[in-house]
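Quick notes on the structure that follows.
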Amino acid sequence: MVKQVIMNTNKILFSIRKAKNGDFEAIKTLEHQCFTEDAYDDEVLQQLIKNTRVFHTWVTELLPDKEIVGYVSIYLETKSEGVIVSICTNPKYQKKGIGTALIETTLNFAIKQHLQRLFLTVDVNNHDAISLYKKMGFQMQGIITNYYASGNSAYVMMKKLTRKE
Ligand SMILES: CC(C)(COP(=O)(O)OP(=O)(O)OC[C@H]1O[C@@H](n2cnc3c(N)ncnc32)[C@H](O)[C@@H]1OP(=O)(O)O)[C@@H](O)C(=O)NCCC(=O)NCCS
C-alpha cells in the first residue's frame, strides 16, 4: 500500500493511501461534489475500487481526523499505457497541493508498473485542471468534440514516462 504523509506550505497535513471498499461513500460524495452532471454512477465507482486488476485508486485523508478529501483513479489500458479516469479534491480543500500530490502518486505508480504513457481527458473549459496537468508535464494530444454529457468538448492530454534507475 502506497502511503505518504505530506505537510505542505498551506499547513495542511494529509496522507495518500490505496482506496478500499469502505471508501465507496466518501468517493461517491466527492465525485458528485466535483462533477455534478458528469459524475460517474455507482456501478463505475464500485469498479474503480473493486476491480483492482485494471483500476488503481487512491484517496487523500486529512490528518489527524482521516476525513477523505480527494481521490484519483487510473485505468491500466495496456501494458504500456494508462489513463487517469478521475481526480477530484473537495472544493473546500482545493489549491492546497492535494491534486498535485495525487497526480504524483499516479505517476510514481505508473513508472513502477513500467507504463510508457499516461493519458487523460479534460473539459476544454476546466482551466484549473488543465493548469495542473500542464504543471505536471502532460501535453495536449487532441480534442474530442461533444465528449461530456454537458455537450462540452475534451482535450486529450498525455505524459511520456521515463523510469529513473
Ligand atoms: C483539478 C483539481 C483536482 C486540482 O486539485 P487541487 O487539490 O486544487 O490541486 P493543487 O492544489 O495541487 O493545485 C495544483 C495546480 O492546479 C492548478 N489550479 C488548481 N486550482 C486552480 C485555480 N483555482 N486557478 C488556477 N489554477 C489552479 C494550478 O496549476 C495549481 O498549481 P499551483 O498551486 O502550483 O499554482 C481540483 O480543482 C478539482 O477537484 N476540480 C474538480 C474536479 C475536476 O475538474 N477534476 C479534473 C477532471 S479532468
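Read the figures in this text as sums done on the coordinates, not as results from a lab. No experiment lies behind these values; they were computed from the predicted model shown. Glycine also receives a Cβ, built like all others from the backbone with ideal geometry; neighbour counts cover every protein chain displayed.
The charge dipole of the range 4-160, taken about its Cα centre with unit charges on the Cβ of Lys, Arg, Asp and Glu (plus for the first two, minus for the last two), comes to roughly 780 debye. GNM remark for the chain: springs join alpha carbons under 10 Å apart, and the peak mean-square fluctuation among Val59, Val122, Val72 falls on Val122.
In this structure, the residue pairs whose Cα-Cα separation is over 29 Å, taken from Lys50/Lys112; Lys20/Lys92; Lys92/Lys112; Lys11/Lys50; Lys20/Lys112, are Lys92/Lys112; Lys11/Lys50.
Neighbour counts of C-beta atoms inside 10 Å place Ile12, Ile84 in the sequence Ile12, Ile84, starting with the fewest.
In the structure shown, do any of Lys135/Lys160; Lys96/Lys160; Lys66/Lys134 have a Cα-Cα gap over 23 Å, and if so which? In this structure, Lys96/Lys160; Lys66/Lys134 lie more than 23 Å apart at Cα. Sorted fewest first by neighbouring Cβ atoms within 10 angstrom, Leu115, Leu62 come out as Leu62, Leu115.
As a proxy for reagent exposure, ranking Arg163, Arg17 by other Cβ atoms within 10 Å from fewest up yields Arg163, Arg17.
For the range 62-155, a crude dipole built from +1 on the beta carbon of Lys and Arg and -1 on the beta carbon of Asp and Glu, taken about the Cα centre, is about 200 debye to the nearest 20. Here the simple spin-label model places points 7 Å from the Cα toward Cβ, and for Thr78 and Asn126 these points are separated by 2.4 nm.
Anyone know which of Asp42, Asp23, Asp65 comes out most mobile in the 10 Å Cα GNM of the chain? Of Asp42, Asp23, Asp65, the most mobile in the Gaussian network model is Asp65.
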